Amino acid sequence: MTEVGDILWEPTDGGLSGPLGAYLRAEGHGLGVTSTAYDDLYQASITKIGPFWRSIARFCRLAGDLGERELIGTLPDAVFFPDGFVNYAQEAYLRFRDPACIIRADESGLLERIEAHEFWRAVAQLAASLRTAGVEVGDRVAGYLPNIYEAVVGLFATASIGAIWSCTSPDFGVGAVVDRFRQIEPKVVLAVTEYRYGGRLIDRSTTLRAILDELPSVGTVIVAGSSAGMTSGPWRLVSFDEAIEGQQPLTFARVPFNHPLWVLYSSGTTGVPKAIIHSHGGIVLEHKKVLEIQNGITDGSTFFWFSSTGWMMWNFLMGGLLVGASIVLYDGSPGYPDLGQLWRLIDRAGIDFFGVSAPFLRSSQVGEVDPRLLIRGTSLRAIGSTGAPLTIDGFDWVYEHVPGSVQLISASGGTDVCTAFLGSSPMHPTRAGLIAARALGVAVAAFGESGTPVVGQMGELVITEPMPSMPIGFWNDEDRSRYHDAYFAQFPGVWRHGDWVTFYPDGSSIIYGRSDSTLNRGGVRMGTAEFYRVVEAIHGVRESLVIDTSALDRTGELILFLVLTPKATEDDVRQRVRTALREQLSPRHVPDRIFIVSDIPKTLNGKKLEVPIRRLFLGAKLAEVASSDSVANPQVLGEFEALARLPSS
């Protein structure tokens, strides 16, 4: 039986033959690193912060000017390269050139390659159309788009002008979109009136009109695909095809290093989402570093991450252009016509880095997908997994069912920094149940209750030194009070991310879930991920959610919700769950109540609603704990509301 830490994959060359090794040879000496040990490089990256990031720019061929000063101030108000000028789109243009391409794929079987020169032609024309619509440096352009080519063109055209991009997926409801876009007052909206998902064509024209009615700042609407159902309004309606006609030259506005690039959003399940602003320079440096040096994605790579435009991993995927890689866009359901769809795409598109979520790997496992029967080629070298902790069972499944010598990279990060601060490198083996390494340039640690670092025990995940892709602020937060409260209230001068984590002496780690959804049984704190590792390894369990209604002044209930696989027997699964938890965790972690439910409520980005469901069972009203527009499957909320009304055991 596989144990935590068992080695499942090792690099054959020490990981030094790719970009990481080349970086060490080119820049290590300047940072005082004389060995080839990753940990020596890591320590230099978090102690010689300014020189490290300047070396990243040099090695990854940054075109912008960083200026003389590297870093001024400290957290929470540190500023990188205050005299620098850069443009995100220009940095991509200088690396993303033919024969690199954008590969479009969808659930119908479409596979189309759009060469880099054609993409940049479209970017130039759309930028000209945006300028005609009055878009200038600092204006906002919003997208209501699935993961399609038009969204990529929209981002890079907007960035080329120095305007600010923000995007949501068309499965977001009216309230969720308005709560986001009304904050930033976009001048132009790029949108679709329909999209395909799960084999169905879903009309969004009525939703789009309702959204636009709430956004008086919009003067132009650019529609990709059909404009059926769109009536006239106080805005000009333009088709995307019309907007990219012509032969305008491609130009780039160099903007300050810390000029806003895009606005991302927190989940917004319980209120108006935070509008998180990232900078041109911060994202360029971070994505160049994490993709090329940390993950070996560069010129000649074909990079894929399954994501909607409403999840930060879409923005992460766009970073592939910054390092010259081809990127693969997938529009539609990962489970239609079956769960083998994305696995088959590996051969069809020649993917070498295949990024998905841990829940997708879990679905493939439970759905008895066998990638060995679906992958015949040899392009695949790495699988990325994020979005939730990956269980040992998940590690095992990948190495039992995915052919070839593939590096499995379990990673953790967040929308707040638009990257992973825990992951791996070409030098690290894959070890069961562990995240292999701390990312270069991220001074990440676990803090105990006393607010000091702990090793070998669970603590709050914190970042103790600045990194360039930390937000430059929240929208409409001029005094930065909301920004400070969100990350720095608990540990002054230290970023608290909100996850439980254990770090080991070798730099590996385990994420246990959100620290605001801790299970506290008899004084023993445990993250929910540790609980799920036991429960979701049990045959018959497809998915689970656990809450603890305890508080500081009283002991509450431990309540478990299970979604079963077909043909599973409720009583049998309940008994096996109780036995496994008693034996593998402790008797106090056996649930007081176990409910069988049809589905687990999740955010639009696929996160389990642990905290809102806990609040519901503590007596809050449904409307107070979750906005249906910000929940991927709002129909299941009524089921949980009814369960919350039942008397406790």
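Observations on the structure shown:
- Meets criteria (surrounded by fewer than 20 Cβ atoms within 10 Å (Cβ to Cβ), out of contact with any strand residue (DSSP E or B) (no Cβ under 7 Å at 6 or more places or on another chain) and farther than 25 Å from residue 190 by Cα) for residue 134: no
- Residue within region 73-92 that is without any contact (Cβ under 8 Å) to a residue 12 or more places away in the chain, surrounded by fewer than 17 Cβ atoms within 10 Å (Cβ to Cβ) and either of a type in the set (A, V, I, L, M) or in contact with a helix residue (DSSP H, G or I) (Cβ under 9 Å, 6 or more places away or on another chain) (or both) present: no
- The residues of region 451-483 that are assigned to a helix (DSSP H, G or I) and crowded, with 17+ Cβ neighbours inside 10 Å amount to a single one, 483.
- Within region 557-603, considering residues that are part of a loop (DSSP other than H, G, I, E, B) and in contact with a Ser or Thr (Cβ under 6 Å, 6 or more places away or on another chain), the one farthest from residue 367 (Cα to Cα): 557
- Only residues that are touching a strand residue (DSSP E or B) at 6+ places or on another chain (Cβ under 6 Å) and surrounded by fewer than 16 Cβ atoms within 10 Å (Cβ to Cβ) were counted across region 93-104, and they come to 1.
- Flag if residue 516 is of a type in the set (Asp, Glu), surrounded by fewer than 18 Cβ atoms within 10 Å (Cβ to Cβ) and in contact (Cβ under 8 Å) with a residue 60 or more places away in the chain: yes
- Within region 19-69, restricting attention to residues that are of a type in the set (Val, Ile, Thr) and closer than 24 Å to residue 85 by Cβ, the residue that is surrounded by the most Cβ atoms within 10 Å (Cβ to Cβ) is 56.
For every residue, the table says whether it meets (1) closer than 15 Å to residue 107 by Cβ; (2) at pLDDT 95 or above.
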position: 299; (1), (2): no, yes
position: 313; (1), (2): no, yes
position: 318; (1), (2): no, yes
position: 326; (1), (2): no, yes
position: 342; (1), (2): yes, yes
position: 346; (1), (2): no, yes
position: 353; (1), (2): no, yes
position: 383; (1), (2): no, yes
position: 390; (1), (2): no, no
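- Verdict on residue 231 being in a loop (DSSP other than H, G, I, E, B), under 23 Å from residue 182 (Cβ atoms), in the same structural domain as residue 176 (by TED's automatic domain parsing) and of a type outside the set (A, V, I, L, M, F, W, C): yes
- Some residue of region 419-431 being at pLDDT 95 or above, under 17 Å from the mean Cα position of the chain (by Cα), under 22 Å from residue 292 (Cβ atoms) and assigned to a loop (DSSP other than H, G, I, E, B): yes
- Here the strands (runs of 3 or more DSSP E) wholly within region 78-168 that include at least 2 residues being among the small types (Gly, Ala, Ser) are 140-144.
- Some residue of region 490-497 being surrounded by fewer than 21 Cβ atoms within 10 Å (Cβ to Cβ), charged (D, E, K, R) and out of contact with any Asp or Glu (no Cβ under 7 Å at 6 or more places or on another chain): no
- Taking the listed residues 628, 586, 598, the one that is touching a residue at least 40 places away in the same chain (Cβ under 8 Å) and surrounded by fewer than 13 Cβ atoms within 10 Å (Cβ to Cβ) is 598, with no other qualifying.
The values are calculated or read from the model by the stated rules, or taken from the named source; none is laboratory data. Not measured: the values here are computed from a predicted model. Note: ideal-geometry Cβ built from the backbone for every residue, glycine included; neighbour counts use all protein chains shown.
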